[in-house]
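The structure appears below as structure tokens.
Laboratory data are not the source of any read-out in this text; all were calculated from the coordinates shown. Bear in mind the structure is a predicted one, so any value in this text is a computation, not a measurement. In this analysis, Cβ positions are derived from the backbone assuming ideal geometry, glycine residues included, and neighbour counts consider all displayed protein chains.
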Amino acid sequence: MLIAKVIGTTVATIKDEKLAGRKLLIVRPTDEFGNPSGKPYVAIDTVDAGIGDLVLTCAGSSARQTTLTKDTPVDAVIMAIIDTLEVEGQITFQKAP
Amino acid sequence: MILAKVVGTVVTTISHPDYKNRRLLVVQPLGLEDEAPDTDFIALDNTHAGIGDTVLINREGNGARQVLQNPNACVISVIVGIVDSVYLEE
Amino acid sequence: MLLGIVKGNAVCTIKYPGTQGLKLLVVQPVNKYLQPLGGLQVAADIVHAGEGDLCVMVRAREAALALPDEKFVPIDLALVGIVDELEVKSDEFFNLTLQRGWNPYA
């Protein structure tokens, strides 16, 4: 899973019917401190994430292994909201309370 | 499937049951002269290959599960053959 | 499958149902010389690895298949083995380019 930050939302009226009702969030990969480090992409939200949250995204065929995205044209989902990241004994990220 | 050279061995005592009884090898994909080499990866050995052997690797989960005859195997790369020679026209 | 070094852990209270009991570790994917490949990623742990351990990881849907119970979950990276010993021969010992014509290997 990649560490990513939710930076926006997507609205699409014309889309595959299997995507109806799905929340499409724009996320950008980040390093362990939450600093952006890659190109943004769109992921389906399964955990009620919001803008500014640091999340874990799952890509590829694994992204279709949720009840929301089974048999849908989806290649990335948000599957967890990060509370704390600890790297080499240091807490590098802590979600604001 | 891809062609690769076995360049190393991995020893694991604690591993997933699907990985037991077979060796894990470090393989380096072969490339054409003008290509940048691919990065190395780990493959499960089903052919008794060793360091220095050129091997044929199935790098896809469904094929791997058929080779291992386990419909739920959590394996992607399996060495399925040892290559004797390769002929390239172009 | 690839190698990775465990760097730390990720704590998530809100997770996709079915992944709640999973331990999520922060890992650095590495190549055969243990040089970093890209940035840090997060992997599901099923072998009880600890910080600093070199592990074998599996990507894609096979990562979800590695989990002991629930296999229909969005997991795309899992640790499947802890490396005790890694032996790698340097690239200079091998010819890694395919030449035009016959390449005998036997």
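Give C:Ala64, C:Ala106 a once-over and let me know the one that is among the small types (Gly, Ala, Ser) and surrounded by 15 or more Cβ atoms within 10 Å (Cβ to Cβ).
Only one candidate passes the filter, namely C:Ala64.
Can you name the condition, by its number, that B:Gln66 falls short on among (1) polar (S, T, N, Q); (2) assigned to a loop (DSSP other than H, G, I, E, B); (3) more than 25 Å from C:Thr97 (Cβ to Cβ)?
(2)
Sort through C:Phe72, C:Phe94 and tell me the only one that's among the aromatic types (Phe, Trp, Tyr), more than 14 Å from B:Ser15 (Cβ to Cβ), facing another protein chain (nearest Cβ under 7 Å) and in contact (Cβ under 8 Å) with a residue 40 or more places away in the chain.
Only one candidate passes the filter, namely C:Phe72.
Please note which strands (runs of 3 or more DSSP E) are completely contained in region A:1-65 and include at least 1 residues that are aliphatic (A, V, I, L, M) and in contact with a His (Cβ under 9 Å, 6 or more places away or on another chain).
Where strands (runs of 3 or more DSSP E) fall fully within region A:1-65, none carries at least 1 residues being aliphatic (A, V, I, L, M) and in contact with a His (Cβ under 9 Å, 6 or more places away or on another chain).
I need the full set of residues from region C:1-16 which are within 7 Å of another protein chain (Cβ to nearest Cβ), buried (at least 20 other Cβ atoms within 10 Å of the Cβ) and closer than 19 Å to A:Gln90 by Cα, in order please.
C:Lys7, C:Gly8, C:Ala10, C:Cys12
Checking the conditions here, which among B:Val75, B:Val80, B:Val26 is within 10 Å of another protein chain (Cβ to nearest Cβ) and not in a loop (DSSP other than H, G, I, E, B)?
That would be B:Val26, the only listed residue that is within 10 Å of another protein chain (Cβ to nearest Cβ) and not in a loop (DSSP other than H, G, I, E, B).
Among the residues of region A:4-21, are any facing chain C (nearest Cβ under 10 Å) and without any contact (Cβ under 8 Å) to a residue 12 or more places away in the chain?
No, every residue in region A:4-21 fails to be facing chain C (nearest Cβ under 10 Å) and without any contact (Cβ under 8 Å) to a residue 12 or more places away in the chain.
If a residue has to be more than 15 Å from C:Gln41 (Cβ to Cβ), within 14 Å of another protein chain (Cβ to nearest Cβ) and surrounded by fewer than 16 Cβ atoms within 10 Å (Cβ to Cβ) to count, how many in region A:34-59 make the cut?
The qualifying residues number 5.
Quick one: how many residues across region B:4-46 are surrounded by fewer than 18 Cβ atoms within 10 Å (Cβ to Cβ), of a type in the set (A, V, I, L, M) and farther than 15 Å from C:Leu79 by Cα?
Residues meeting the conditions: 2.
Among the residues of region B:29-60, write down those that are facing chain C (nearest Cβ under 9 Å), farther than 18 Å from B:Val86 by Cβ and part of a loop (DSSP other than H, G, I, E, B).
Scanning region B:29-60 gives B:Thr39, B:Asp40, B:Ile51.
Just checking, does region C:26-34 include any residue being among the aliphatic types (A, V, I, L, M), surrounded by fewer than 16 Cβ atoms within 10 Å (Cβ to Cβ) and more than 7 Å from every other protein chain (Cβ to nearest Cβ)?
yes
Please go through region B:1-19 and give me each residue that is over 21 Å from C:Lys89 (Cα atoms) and facing chain C (nearest Cβ under 10 Å), ordered by number.
Across region B:1-19, the qualifying residues are B:Thr13, B:Ile14, B:Ser15, B:His16, B:Pro17, B:Asp18, B:Tyr19.
For A:Glu86, only one of the following conditions fails: (1) more than 9 Å from every other protein chain (Cβ to nearest Cβ); (2) over 15 Å from the mean Cα position of the chain (by Cα). What is its number?
Result: A:Glu86 fails condition (1) only.
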